[in-house]
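Below is one structure, written out as structure tokens; comments come after it.
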Amino acid sequence: MSGRRSRISEEEIKELISKLRFLLPETSRQGGSRASAAKLLQETCNYIESLHRDVDDLSDRLTELMATMDISSAQAEIVRSLLRS
Amino acid sequence: MAISNAEGDPATGNEGGGERKRKRRADPPVAKWRTEGEQKTYSSKLIEAIRRVRRSSAAAATDHSRSRAVRAAADRALAVAGRGRTRWSRAILSGRKLKLWVRARACRRKPLGSITAASSSHTTPKSKPPTLERKARVLGRLVPGCRKLPLLTLLEEASDYIAALEMQVRAMSAIAEILSAAGAATAEPM
């Protein structure tokens, strides 16, 4: 199980590119097929990292918010608004 | 009659008992992460988890450690929402400590291929492996539990993971909005 480098064939690369295009949000999709697979992979990594950062920031924010308020009344509020939407 | 290692009864009509090869996991449908129902379920679980963190955190706990606890709880709730069908969700649930330990081990055992192939490049291991593989490794590190996967499987996991993360961000933002709005409302006594 060591040193099993699987070479990536041409077809796999094409499939790769189409899948990657699908993953990324609309805004960062480059027009045309100029973007190589490596670039798309890089975009994907960047996107996941930015999502992780967002989650961290949101966790910080939620931690602050939950510390400064009474959860029981907040929960009633949340339940109400969740039921509304 | 045990024909072979049957995990389910053949009598329950699982897509025609004999076709075990076709029973491969279908691609995890990504669209479910976009549904409102999924997000609502996740939100309520997350709120419960936050309450638990709040109750259980000692007075001496710093904001940072509590924030990490919230993040961990959010990730675990996300993995549970995945219903164990994907590798990343199972990896999260089987323990984050495991991930750190595996990473420490993997760092020791660098792939031998790079050392034998390049005679003198002992200090620059990055120049040998092709760019695509390098990027794929990075991606494999970002998605939990997906370090040694072949590229296409890695992409399937990554697509599900990304959709799940997006839902996580949406749900947490919504909760933060509501909490801060509720906070502003209770701050002014009527």
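Quick notes
- When the criteria are applied in full, residue B:153 fails the requirement of being at pLDDT below 75 and more than 24 Å from residue A:63 (Cβ to Cβ).
- Listed by position, the helices (runs of 4 or more DSSP H) contained in region B:27-110 that have at least 3 residues being at pLDDT 80 or above, surrounded by 13 or more Cβ atoms within 10 Å (Cβ to Cβ) and not aliphatic (A, V, I, L, M) are B:36-56, B:63-81, B:87-93.
- Residue satisfying all of: in region B:115-140; modelled with pLDDT of 80 or more and more than 9 Å from chain A (Cβ to nearest Cβ); nearest to the chain's Cα centre (by Cα) among these: B:140
- Looking only at residues of region B:167-182 that are under 19 Å from the mean Cα position of the chain (by Cα) and more than 7 Å from chain A (Cβ to nearest Cβ), we find that the one that is surrounded by the fewest Cβ atoms within 10 Å (Cβ to Cβ) is B:170.
- Residues of region B:142-166 that turn out to be more than 9 Å from chain A (Cβ to nearest Cβ), open to solvent by 10 Å² or more (accessible area, probe 1.4 Å) and part of a helix (DSSP H, G or I), as a count: 2
- Residues being assigned to a helix (DSSP H, G or I) and modelled with pLDDT under 90 - total across region A:34-59: 8
The values are calculated or read from the model by the stated rules, or taken from the named source; none is laboratory data. Being a predicted model, the structure only gives us computed values, none of them experimental. All Cβ positions, glycine included, derive from the backbone under ideal geometry; neighbour counts span all protein chains shown. Note: accessible area is taken over every heavy atom of the protein model, side chains too, but ligands, DNA and RNA are not part of it. Shrake-Rupley method; radii C 1.70, N 1.55, O 1.52, S 1.80 Å.
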